[in-house]
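Asker: My questions all concern the structure below.
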Amino acid sequence: MEKYEVKNPYNGTIVNTYTKDTYADIEAKLKKALTIEASWAEMEIKDRCSLLTNVAELLIERKEEYATLMAQEMGKPYTQGISEIEKCAWACDFYALNAEDLLADEIIETDADESFISHDPIGCVLAVMPWNYPFWQVIRFAAPTLTAGNTALLKHAQNVTGCSLAIEQLFLDAGYPEGCFQSIKAGHEEIEKLIGDDGIKAVTLTGSEKAGKSIAATAGKNLKKSVLELGGNNACIIWEDADLDSYLDTMVTARMQNTGQSCIAAKRFIVCEEIYDAFLEKFIAKTKSLKSGDPMNEDTFLGTMAREDLAEELQQQVNDSVKLGAKVVLGNMRNQAYFSPTILTEVTADMPVFKEETFGPVAAITKVKNRKEAISLATNSRFGLGSMLFTADINEAMNVISNIPDGAFFINDMVKSDPRLPFGGTKASGYGRELSREGILEFVNKKTVYIKK
């Protein structure tokens, strides 16, 4: 039986050792999900919502435990882990309060005596999730999907296996029936085979573009619904009238929170020349003030990256960009999995730090002549997850909304996920939506019902 270790990226100690599931193990878990499927789907929505309220309460009770686990497994600063768990509870509360309305039959006036759209569960949904927000990424899928009456299998990233198992236990402790939500410890080959099983009705993935293409191809081959939330290289556009005193902290947080390991982080800063010098001075000063260190220290803002190989990959992207003319004005120092907060200037569109996703604490800054050039450069991307614009000219900002082809456009704030709003991307950032009404309806059968009496 194949075993693997999960290591603490900050100090290299072994957090735990796990045994990978055999495919027979996975089949047994799928069988358990299918056994519970009918009774779970038939349960009253209000009763499923009551269980979700239990989840929210347990999340708050256990937030210190879960924040510690995230710090140990992937290096998330403890205080940011606390915030992540609180956000998970918020999402659960949102769906517990609103799911009945969101899933209600939609009455449609036709020639029938009665016609409507019902929203029926589809069955077992497979979720393939990443390590960077090990609880939030799962809860934002699981809360709506389970509440809609589906069951779920979770294949989490290997380096956060403890988080994966903790989430499974969370649902059990909240009163969910066995088989409703299960964690599997599997590799790519097992997942590809599992998607082909008739018991799996759909698959959702949050991860890299490469992983998304692989999952999409397998799902398509097997005629399975898929939702993909992939990478991004979000632009942070700063017009000449931006209020730096009010929003500079937001801009820095947009790049550096979670040690820069976020798909929706601000990765490309596109700054109008009139404000460029003031922005750069303030941005450097604020970034220098961020505390690095042990993720378990409450004043630590920047921990290590989740794995050493990820830090190595990031350094290669920076070094290749420097060879093409980028200037390092801060950072670019690595010690194993630690990568210092780094700022590059004179970045152009042909550099890796501009055209690729940089998954770590690196800010790429480009000076532009005017607003028009800023928007043009911001949309020069294969990705389409989100963009943010800082300006005092709200009317003009509203006029460029249709010019931004992303899944999200935030004005005077950082791009972030919110249970009340749909979340997802375009282009190489994937397709489908999570959260809000759109998220809970992704994995239902929108059934037409037509009645003549």
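Asker: What is the log10 of I(q)/I(0) for region 76-225, computed with the Debye formula using one identical point scatterer on each Cα and no solvent, at q = 0.13 Å⁻¹?
Answerer: -0.65
Asker: Quick one: which residues, 5+ away or cross-chain, put their amide H under 5 Å from the amide H of residue 266? H built at 1.01 Å from N.
Answerer: 255
Asker: Counting alpha carbon pairs within less than 8 Å and at least 6 residues apart, what relative contact order, in whole percent, applies to region 234-418? Don't jump to the answer; show the numbers that get you there.
Answerer: Details: 370 pairs, mean separation 56.7, N = 185.
About 31 percent, as a whole number.
Asker: Follow-up. Let me spell out the model: positive unit charges on the Cβ of Lys and Arg, negative unit charges on the Cβ of Asp and Glu, origin at the Cα centre of the chain. What dipole size does that give, in debye rounded to 20? Spell out each step's value before the answer.
Answerer: Numbers: 48 positive and 66 negative charges, 228 e Å.
The dipole of the chain has a size of about 1100 debye.
Asker: Mark the label point 7 Å from the Cα of residue 189 along Cα→Cβ and return the residues of region 19-57 whose backbone N is within less than 17 Å of it.
Answerer: Label zone hits: 20-27.
Asker: Taking θ = phi - 60°, what integer Hz values does the Karplus form 6.51 cos²θ - 1.76 cosθ + 1.60 yield along region 186-194, in sequence order, with x for Gly and Pro?
Answerer: 9, x, 5, 5, 5, 5, 4, 5, 5
Asker: In addition: Ranked by Cβ crowding within 10 angstrom, fewest neighbours first, how are 245, 173 ordered?
Answerer: Working: 245 8, 173 13.
The most exposed by this proxy come first: 245, 173.
Asker: Multiply the residue gap between residue 369 and residue 101 by 0.36 nm, knock off their C-alpha separation, and tell me the result in nm, one decimal place.
Answerer: Working: separation 268, 0.36 × 268 = 96.48 nm, distance 4.87 nm.
Here the segment from residue 369 to residue 101 would lengthen by 91.6 nm.
Asker: So for the pair residue 118, residue 340, with labels modelled 7 Å out along Cα→Cβ, what separation do we get in nm?
Answerer: Using points 7 Å along Cα→Cβ, the separation is 6.4 nm.
Asker: Report ³J(HN,Hα) in whole Hz for each residue of region 200-213, in order, from the Karplus equation J = 6.51 cos²θ - 1.76 cosθ + 1.60 where θ = phi - 60°; Gly and Pro get x.
Answerer: With coefficients 6.51, -1.76 and 1.60, one gets 8, 9, 6, 9, 10, 9, 10, x, 7, 4, 4, 5, x, 4 Hz.
Asker: Taking amide H positions as placed in the peptide plane 1.01 Å from N, state which residues far from residue 204 in sequence (5 or more) or on other chains have amide H under 5 Å from it.
Answerer: Residues meeting the amide H criterion: 126, 127, 128, 227.
Asker: Using θ = phi - 60° and the Karplus curve 6.51 cos²θ - 1.76 cosθ + 1.60, what whole-Hz ³J(HN,Hα) does each residue of region 282-290 get, with Gly and Pro shown as x?
Answerer: Once rounded to whole Hz, the list reads 5, 5, 4, 4, 5, 5, 4, 7, 5.
Asker: For a footprinting-style exposure proxy, rank 55, 6, 449, 252 by other Cβ within 10 Å, fewest first.
Answerer: With the fewest neighbours first, 55, 6, 449, 252 line up as 449, 6, 252, 55.
Asker: Whose amide H sits under 5 Å from the amide H of residue 389, counting only residues 5 or more places off or on another chain, with H placed in the peptide plane?
Answerer: Sorted by chain and number, the residues that satisfy this are 237, 410, 411, 412, 413.
Asker: Only sites in a loop by DSSP and with at most 13 other Cβ atoms within 10 Å count here; which GluC sites (Glu not before Pro) in region 125-219 make the cut? Can you show the working numbers first?
Answerer: Working: sites: 168, 178, 189, 190, 192, 209; in loops: 178.
The qualifying sites are 178.
Asker: Please give the calculated 222 nm ellipticity per residue for the chain, where each DSSP H segment of at least 4 residues contributes -39500 (n - 2.57) and the sum is spread over every residue; nearest 500 deg cm²/dmol?
Answerer: Numbers: 15 runs with 188 residues, N = 453.
So the helix-based figure for the chain works out to -13000 deg cm²/dmol.
Asker: Ok, one more. Could you work out the relative contact order of the chain, using alpha carbon pairs under 8 angstrom and six or more residues apart, expressed as a whole percent? Provide the component values of the computation, followed by the final result.
Answerer: On the way: 1009 pairs, mean separation 84.4, N = 453.
Averaging sequence separation for qualifying contacts and normalising by length gives 19 percent for the chain.
Asker: Now for a different question. When you take every Cα atom in region 234-418, what is the radius of gyration, and what is Dmax, the widest Cα pair distance, in Å?
Answerer: Rg, Dmax (Cα atoms, Å): 15.4, 47.
Asker: Starting from the Cα of residue 323, step 7 Å along the direction of its Cβ; do the same at residue 413; then give the gap between the two resulting points in nm.
Answerer: Going by the 7 Å Cα→Cβ label model, 4.2 nm.
Asker: Binning every alpha carbon pair distance of the chain at 20 Å from zero, what are the percents per bin?
Answerer: Bin by bin from 0 Å, the calculated values are 25, 55, 19, 1.
Asker: Cut-off is 10 Å between beta-carbons; in what order do 135, 410, 116 appear when sorted fewest neighbours first?
Answerer: Working: 135 27, 410 20, 116 17.
With the fewest neighbours first, 135, 410, 116 line up as 116, 410, 135.
Asker: Right, here's the next one. What number comes out for the charge environment of residue 19, summing +1 per Lys or Arg and -1 per Asp or Glu over other residues with Cβ under 15 Å away? Don't skip to the answer; put the middle values down first.
Answerer: On the way: positive: 3, 20, 29, 185; negative: 2, 5, 21, 25, 190.
Every neighbour counted, the sum reads -1.
Asker: Which value, in debye to the nearest 20, describes the size of the charge dipole of region 234-418 about its Cα centre when Lys and Arg Cβ atoms bear +1, Asp and Glu Cβ atoms bear -1, and nothing else is charged?
Answerer: 380
Quick note: the coordinates plus some simple rules give every number you see, no bench work behind them. Bear in mind that the values here come from a model prediction, so they are computed numbers and not experimental data. So basically every Cβ, Gly included, is an ideal-geometry build from the backbone, and we count neighbours across all protein chains shown.
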